[in-house]
1. So which residues in region 152-172 are surrounded by fewer than 23 Cβ atoms within 10 Å (Cβ to Cβ) and of a type outside the set (Gly, Ala, Ser)?
2. Farther than 25 Å from Arg14 by Cα, in contact (Cβ under 8 Å) with a residue 24 or more places away in the chain, outside the structural domain of Thr134 (by TED's automatic domain parsing) and not aromatic (Phe, Trp, Tyr): which single residue out of Arg267, Arg360, Arg326 fits that description?
3. May I ask you to list the residues in region 16-51 that are out of contact with any strand residue (DSSP E or B) (no Cβ under 9 Å at 6 or more places or on another chain), closer than 23 Å to Arg142 by Cα and among the small types (Gly, Ala, Ser)?
4. Going by the structure shown, is Gly362 surrounded by fewer than 18 Cβ atoms within 10 Å (Cβ to Cβ), in a loop (DSSP other than H, G, I, E, B), in contact with a Lys or Arg (Cβ under 7 Å, 6 or more places away or on another chain) and of a type outside the set (Ser, Thr, Tyr)?
5. Answer yes or no: is there a residue in region 104-127 that is more than 17 Å from the chain's Cα centre (by Cα), assigned to a helix (DSSP H, G or I), among the charged types (D, E, K, R) and modelled with pLDDT of 95 or more.
6. Return a yes/no flag: does region 9-19 have any residue that is on the phi < 0 side of the Ramachandran plot, buried (at least 19 other Cβ atoms within 10 Å of the Cβ), among the aromatic types (Phe, Trp, Tyr) and assigned to a helix (DSSP H, G or I).
7. If I filter region 54-99 down to residues being out of contact with any Ser or Thr (no Cβ under 9 Å at 6 or more places or on another chain) and of a type in the set (Lys, Arg), which single residue comes out as surrounded by the most Cβ atoms within 10 Å (Cβ to Cβ)?
8. Take residues that are of a type in the set (D, E, K, R), more than 15 Å from the chain's Cα centre (by Cα) and at pLDDT 90 or above and tell me which of the helices (runs of 4 or more DSSP H) falling wholly in region 263-322 contain 1 or more.
Amino acid sequence: MRRTKRICVITGTRAEYGLMRTLLRAIEYHANLDLQIIATGIHLLPRFGNTIRHIRDDGFTITAKVCLQDGSDDAVQEAIGVGRAVTKLAEKMQDLDPDVVVVLGDRVEAMAGALAAVVSRRILAHIHGGDVATGDIDDVLRHAITKLAHLHFPATKASARRILRLGEAHDRIHVVGSLALDELRALPDPSPDWLARRLDLPRTRGNNDPVPYALVVQHPIGDTPRREQQRMEHTLRAVAGAGLWSVVIYPNSDPGHSGILSAISARSAARSGQTAIRGGLTVFRSLPREDYLRLLIGARVLVGNSSSGIIESATAGTPAVNIGPRQAGRQRCGSAVVDCDYARAAITRALRQAMAKRPRRGRRSVYGDGTAGDRIAALLATAPLDSMSHRKRIRY
């Protein structure tokens with residue numbers, strides 16, 4: 001009889017949790033897998049929407065919680081938090097005794113989980129390794145996690161080739177597509193009434209539909225709060241100048257985030273009570289994944305520097321304006337992604353170009369067919385862990 005494997009998934013942000021929902025369900029429903037969830041990172045920071053509630057609202061049991069960030073906008077404090085989290089995560093893993101620890105992407109929470117797992121001699125699985133996206137320190141962390149990991153679940157063939165060139169064993173690399181598409185493909189278009197209610201949008205005079213809006217998701221790239229504030233101000237002014245309502249989602253907690261929050265607050269205060277389309281603003285600290293995807297599908301354009309603009313936008317049928325270097329190098333999902341720098345004039349031009357495009361929703365994507373969660377769960381269930389040593393050997 002096949003032994004049940006304990007799979008410990010570490011989640012630290014609303015975005016990465018939203019991507020992993022289908023994987024968590026697939027693990028939970030698999031007869032030979034036992035799901036453990038450790039929540040850490042900004043899930044535990046009320047300032048960013050107390051997103052741990054999304055996990056609970058989805059019906060998952062949170063096995064353990066580990067504090068990493070303290071909410072300050074300080075890179076040194078973030079590094080100190082990583083050290084603290086490695087200690088606490090190792091202690092939790094000792095109690096839970098997982099067979100495999102799973103992390104996704106390139107953030108500090110994933111790095112802390114990877115270090116705790118590997119140094120305590122556990123098998124580590126890494127999702128979305130092999131990507132290229134400059135970010136703040138994203139590439140550095142992502143590739144470091146790849147070298148720590150024993151099992152690799154890249155989203156694309158190009159990412160798998162990079163993992164091979166890093167010296168990883170071919171039989172431990174499995175191209176599964178991106179979890180980001182799993183729920184998106186099956187989601188119906190949001191109704192105009194749902195959008196108007198969810199966003200509290202005014203209606204157009206012609207057909208009483210909600211006014212056109214841009215979904216704005218802009219994260220810091222590790223610069224000073226003042227510089228990040230100026231960049232966000234340029235983005236919001238360009239969107240307003242294009243005659244669009246702004247639906248803004250809070251940034252992540254990377255250094256510089258306080259500047260982006262200041263720009264959002266200042267714009268919100270200046271536009272308080274305004275009902276005109278130009279310059280209107282709706283702000284969310286966080287959103288459940290399903291709501292976010294509906295807003296993405298209904299948006300006239302996605303603006304900012306989120307990976308959603310690079311991975312999900314084509315499948316959503318929404319053009320994207322990708323601002324700055326944060327996603328530099330990441331494979332584009334289609335031709336309706338327009339890149340520009342942080343200058344307001346450049347963003348304005350990019351908005352015009354993007355809104356002249358309209359990708360066909362549900363089109364084929366380099367990021368797969370929307371079945372990544374089931375694929376990863378099946379691979380975890382069949383992985384020969386008994387013969388898989390935590391010792392690794394470079395294959396070049």
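The values are calculated or read from the model by the stated rules, or taken from the named source; none is laboratory data. Just so you know, these numbers come straight off a predicted model, no measurement behind them. Note that we place each Cβ from the backbone using ideal geometry, even for glycine, and neighbour counts take in every protein chain shown.
1. Of the residues in region 152-172, the ones surrounded by fewer than 23 Cβ atoms within 10 Å (Cβ to Cβ) are 156-158, 160-162, 164-167, 169-172.
Listed by number, the residues that qualify are Thr156, Lys157, Arg161, Arg162, Leu164, Arg165, Leu166, His170, Asp171, Arg172.
2. Values: Arg267 fails: farther than 25 Å from Arg14 by Cα; Arg326 fails: farther than 25 Å from Arg14 by Cα.
That would be Arg360, the only listed residue that is farther than 25 Å from Arg14 by Cα, in contact (Cβ under 8 Å) with a residue 24 or more places away in the chain, outside the structural domain of Thr134 (by TED's automatic domain parsing) and not aromatic (Phe, Trp, Tyr).
3. Listed by number, the list holds a single entry, Gly18.
4. Values: surrounded by fewer than 18 Cβ atoms within 10 Å (Cβ to Cβ): yes; in a loop (DSSP other than H, G, I, E, B): yes; in contact with a Lys or Arg (Cβ under 7 Å, 6 or more places away or on another chain): yes; of a type outside the set (Ser, Thr, Tyr): yes.
The answer is yes for Gly362.
5. No, there is no match, as no residue in region 104-127 is more than 17 Å from the chain's Cα centre (by Cα), assigned to a helix (DSSP H, G or I), among the charged types (D, E, K, R) and modelled with pLDDT of 95 or more.
6. If we filter region 9-19 for residues that are on the phi < 0 side of the Ramachandran plot, which is where we start, we get 9-19.
With the extra rule that they be buried (at least 19 other Cβ atoms within 10 Å of the Cβ), the set shrinks to 9-19.
Still in the list and also among the aromatic types (Phe, Trp, Tyr): 17.
Subset that is assigned to a helix (DSSP H, G or I): 17.
Yes: one or more hits.
7. Per the stated criteria, the residue is Arg84.
8. Working: elements: 289-298, 308-311, 313-316.
Where helices (runs of 4 or more DSSP H) fall fully within region 263-322 and carry at least 1 residues being of a type in the set (D, E, K, R), more than 15 Å from the chain's Cα centre (by Cα) and at pLDDT 90 or above, they are 289-298.
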